[in-house]
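Take a look at the structure below.
The values are calculated or read from the model by the stated rules, or taken from the named source; none is laboratory data. Quick caveat, the model's predicted, so the values are computed rather than measured. We place every Cβ from the backbone using ideal geometry, glycine too, and count neighbours over all the protein chains shown. SASA here: full protein model, heavy atoms, side chains in, ligands and nucleic acids out. Shrake-Rupley method; radii C 1.70, N 1.55, O 1.52, S 1.80 Å.
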Amino acid sequence: MTINLPQPSAAPQSATSRSARWITVSIVIIVTAGAIAGWVRSTGSSEPIATPRVALTDTTARAPVGTHIRVRVLNATTSRGLAKRVTFVLRDFGYDVVDFDTDRRGPRTSTLVLSHTGHQEWAQRLRRALGTGSIEARADSLRYVDFTVLVGSDWKPPTQAFRP
């Protein structure tokens, strides 16, 4: 004996389920397109993000090739974070910034480059990379750095992307 049960018929799709499916597909397409665009953008040119006032290709501001010019940067202003910003700029120019901190002697209005080794040409290059300041010779054989930069309020940081 065979019993034939009625087969359930496919219920027609409601308009809301069709629109929900359409919205889901649209979101997936948009997210995928955004991911592809981000990947293409990240594999583009490797131009530097930060653009200091002096071009990074300026050879008179860069550290000489093959030399390690050791620099200590001290923030002598009331603005927080300038020593770190100067550190990034000088490293972009090829200087070996070995230390950065806050100057405890009080605020300065002008930037000062202290030359401990007497290399006047290097001091001029460093000053050019900073875009401001004066140079003063202060011989100190006990220093582990060639130069100390006292960042004054006359130094204006270049616009740059956030660096955590």
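Summary table below
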{"quantity": "Accessible-area order (highest first, 1.4 angstrom probe) of the listed residues Arg21, Arg85", "calculated": "Arg21, Arg85"}
{"quantity": "With DNA, RNA and ligands ignored, accessible area of Leu82 (1.4 Å probe; Å², nearest 10)", "calculated": "20"}
{"quantity": "Principal axis dimensions, largest first and in whole angstrom, of the stretch 92-148 by Cα", "calculated": "28, 28, 21"}
{"quantity": "Candidate residues His68, His119: accessible-area rank, largest first, probe 1.4 Å", "calculated": "His68, His119"}
{"quantity": "Over the stretch 115-164, relative contact order from alpha-carbon pairs under 8 Å, at least 6 apart, %", "calculated": "45"}
{"quantity": "Protection-proxy order for peptides 97-110, 23-36, each taking the mean of Cβ atoms within 10 Å per residue, highest first", "calculated": "97-110, 23-36"}
{"quantity": "Fully extended contour minus Cα-Cα distance, from Asp154 to Ser19, at 0.36 nm per residue", "calculated": "42.6 nm"}
